[in-house]
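Worksheet for the structure shown next.
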Amino acid sequence: MNLKPNLRVEIAGIKMKNPVMTASGTFGSGLEYSNFIDLSKLGAIVTKGVTLKKQTGNPGPRVYETPCGMLNSIGLQNKGVKNFIAEDLEFLKKFNVPVIVNVAGNTIEEYVAVVEQLSEKDVVKGIELNVSCPNVKSGGLSFGLNVKSAIKLTSAVRKTTKLPLIVKLSPNVGNIDEIAKGVEDAGADAVSLINTILGMAIDPQSFKPQLANIVGGLSGPAIKPVAVGMVWKISKAINIPIIGMGGIMNCYDALEFFLAGAKAVAVGTANFIDPEATIKLIEELEEFLTIKDISDISDIVGQVKV
Amino acid sequence: MAHVKAKILNKEQVAPSIFKLSLLCPEIASSAIPGQFVHVECGKGKSFILRRPFSVYRQASKETFEILFQVVGKGTESLAEAEVNSYLDIIGPLGNGFKLSNNCKKVLLVSGGIGIAPLTFLAEKLYSTEIIFDMLIGFANYKKVIDFSLQEKIADRIHYSTDDGSLGLKGTTVELLLDYLKQSKKPDTIFACGPEPMLKQVALIAKQNKVPCFISLEERMACGIGACLSCVCNTINGYKRVCADGPVFDASEIIWD
Ligand SMILES: Cc1cc2nc3c(=O)[nH]c(=O)nc-3n(C[C@H](O)[C@H](O)[C@H](O)COP(=O)(O)OP(=O)(O)OC[C@H]3O[C@@H](n4cnc5c(N)ncnc54)[C@H](O)[C@@H]3O)c2cc1C
Ligand SMILES: Cc1cc2nc3c(=O)[nH]c(=O)nc-3n(C[C@H](O)[C@H](O)[C@H](O)COP(=O)(O)O)c2cc1C
Ligand code: FES
């Protein structure tokens, strides 16, 4: 008889019951999903990007569906770090689950100020630096496109906090491996990839873009091969753990990421389609490992046979 | 709010490109209020992934509810092909519905096109109250008009308009509303659902006539439950989520483009 496989992982010092996290911006602060699932069962909750001051976000329409994916241009709408702490973190306190806060900003000083405030809070178990939101410059994209600025930002935040530091990279660059190496050297404890891929859709009847913001970020199954490819490439360039995401809908999708070199995975767009997607994924992973007689999820990380 | 598999008990084509589905689903049928909607998976295994929102059209019994939908694209095309006795994956009931204040005595329901769906549910609820209500129903042309005998049974009076004059007033719902306000006693509240340009006009007319007005808005949605911030509309209090803060809004709150 098989023993239950071990799903526990530790990413950058964050102890997780299993390697399944939520992708920032696709899970709110968990409140809406708590109507459907027990949040405590998740490996970790990564919250929507927060900035120093409240941000209104982009005008609508903000979403457009494409074959097997969606374009969004939310533009980091959020209530600012103070309200986030008072409301969202207060809510998340009730659950026995590591909370990782996704942070964005216009300037290094803004990132640092947000991280300082979050570092004082016990519930926060890690910071994910968003240097990759394609929908607003203030998503830090300018930091994520260039090795030097990514390093500068990471170093500044590293000096600010002892919390585990994850840097979320942009796929919209040619040298993602150089940037990954750069943030590793600058003190990042892990990287997460990928954020959405810049895209556009046009209405052939009206000749107008489908999104009010003209361009947006593509997510969902359509981007999975790009994401898996990037995880694989970067896993060979760096030694810190990788959190993989991009189009994960089920266990087989997640396995591709583990095999390519991700130590944990995050579920994004799939939450919109099935609010229980994360929980089903955890169950499916356990079942897969049991059937395959693999005792520990970590045993398959990076095991793609090339 | 439930996530369920609802059995399709009946499917009926009620007009060209308009279908009615009866769904067995006690969780939603017993708890939905008028104006709320359900988020339906229309395309499992197809090349599109997101759910599609549809208003609850009727609460047929404690166990069943109906949706009325118009085929406009791939999701609704696929839904129109769904087979009786198969199951639909549904989340609902979602959003905030129409609210009736205590001093409502005479209300007016204004619907444009498929906007008839949530207003029919409201009409059925109003039927069992003391509140008097009239309905204004506008459709593109007579062919598109479904059988309104249900609505005719329950509403005190119905006025129709069609773009080509094939039924009722020749013109839009907006003209019908102007006509109505000239001829009838002012309602104390207007509830409206239909295409955005119509709602914008209705909101303006209501404001000019100092009649409180509540409208059900549409926006493209991803999650349907308030998490993704896709479905926002612009209001005097900033962006609000149509799925979770609406879909019914006080019209005076909305900032139209
Ligand atoms: C709260 C709410 C309640 C609704 N209730 C009903 C209802 O009771 N009956 C009904 O027939 N329709 C209703 N709709 C509209 C319905 O959701 C859309 O018609 C449907 O999602 C289109 O899907 P599709 O795949 O067929 O179209 P697509 O192929 O995605 O698009 C075809 C066309 O429909 C437009 N469209 C896409 N999504 C929406 C949307 N959410 N609202 C309006 N237009 C859209 C697109 O811009 C495009 O022009 C409702 C929408 C909302 C937001
Ligand atoms: C609606 C939406 C909002 C998002 N908001 C953020 C965000 O605030 N910060 C961030 O780092 N990533 C954000 N993302 C990117 C996701 O976290 C994830 O990287 C991406 O969607 C790929 O995963 P998926 O294909 O599973 O959705 C957002 C994605 C979507 C679809
Ligand atoms: S559809 Fe996600 S917030 Fe409304």
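The values are calculated or read from the model by the stated rules, or taken from the named source; none is laboratory data. This structure is a prediction, so every number in the text was calculated from the model and none was measured. Here the Cβ positions follow ideal geometry from the backbone for every residue, glycine too, while neighbour counts run over all protein chains shown. To get the accessible areas, we keep the full protein, side chains included, count just its heavy atoms, and leave off ligands, DNA and RNA. Shrake-Rupley method; radii C 1.70, N 1.55, O 1.52, S 1.80 Å.
Normalise the Debye intensity by I(0) for region A:222-296, one equal point scatterer per Cα, no solvent, then take log10 at q = 0.14, 0.16 Å⁻¹ and round to two decimals. The Debye formula, applied to the Cα set alone, gives -0.44, -0.56. Overall, region A:150-281 carries a charge dipole of about 380 debye about its Cα centre when +1 sits on the Cβ of Lys and Arg and -1 on the Cβ of Asp and Glu, all other atoms neutral.
The A-B contact accounts for approximately 2400 Å² of buried accessible area, totalled over both chains at a 1.4 Å probe radius. Put simply, the amide H of A:S192, placed in the peptide plane, has neighbours under 5 Å in A:V167, A:K168, A:L169, A:I243, leaving out anything fewer than 5 places away on its chain. Relative to one another, the C-alpha centroids of region B:18-66 and region A:6-79 are positioned 26 Å apart. Kirkwood hydrodynamic radius computed over region A:1-88 comes to 15.5 Å, based on all pairs of distinct alpha carbons. Partners of B:K143 within straight-line reach, counting lysines whose Cα lies under 30 Å from its Cα and excluding those fewer than 8 residues away in the same chain: B:K7, B:K11, B:K20, B:K74, B:K125, B:K153, B:K170, B:K182, B:K200.
Max-minus-min Cα coordinates of chain B on each principal axis give 52, 40, 34 Å, with the largest extent listed first. Residue ranking by accessible heavy-atom surface, 1.4 Å probe, largest first, among B:H3, B:H39 comes out as B:H3, B:H39. Accessible surface area normalised per residue over the protein assembly as shown is 41 Å², counting heavy atoms of protein chains with a 1.4 Å rolling probe. When Rg and the Kirkwood radius Rh are both evaluated on Cα atoms of chain A, their ratio Rg/Rh stands at 0.95.
Separation of region B:160-193 from region A:145-165 is 61 Å, based on Cα centroids. Over region B:57-150, the Kirkwood radius and the radius of gyration, each from Cα atoms, give a ratio Rg/Rh of 0.99. Which one, A:V81, A:V97, A:V226, has the greatest fluctuation when you compute a Gaussian network model over chain A with C-alpha springs under 10 angstrom? Highest fluctuation among the options: A:V226. With only the Cα atoms considered, region B:1-92 has a convex hull volume of 86 Å³ per residue. Solvent-accessible area of region B:1-85 (1.4 angstrom probe, protein heavy atoms only): carbon and sulfur portion equals 48 percent. Less than 5 angstrom separates the built amide H of B:F48 from those of A:C68, all sequence-distant by 5 or more or on a different chain.
Kirkwood radius and radius of gyration were both taken over the C-alpha atoms of region A:127-269, and their ratio Rg/Rh is 1.00.
Accessible surface comparison of B:W256, A:W232, probe 1.4 Å, protein chains only, largest first: the order is A:W232, B:W256. Ordered from largest to smallest accessible area (heavy atoms of protein chains, 1.4 Å probe), the residues B:Y127, A:Y33, B:Y239 come out as B:Y127, B:Y239, A:Y33. Phi angles across region B:47-63 convert, under the Karplus curve 6.51 cos²θ - 1.76 cosθ + 1.60 with θ = phi - 60°, into 3J(HN,Hα) values of 8, 10, 10, 6, 6, 10, x, 9, 5, 6, 8, 8, 9, 6, 7, 5, 9 Hz, Gly and Pro given as x.
The apolar share of the surface of region A:155-306, taken as the fraction of accessible area on carbon and sulfur atoms (1.4 Å probe, ligands and nucleic acids excluded), comes to 55 percent.
Shape analysis of the protein assembly as shown based on the Cα gyration tensor places the equivalent ellipsoid semi-axes at 47, 25, 20 Å, largest first. Available extension along the chain between B:K143 and B:D179 is 10.6 nm, counting 0.36 nm per residue and deducting the alpha carbon span.
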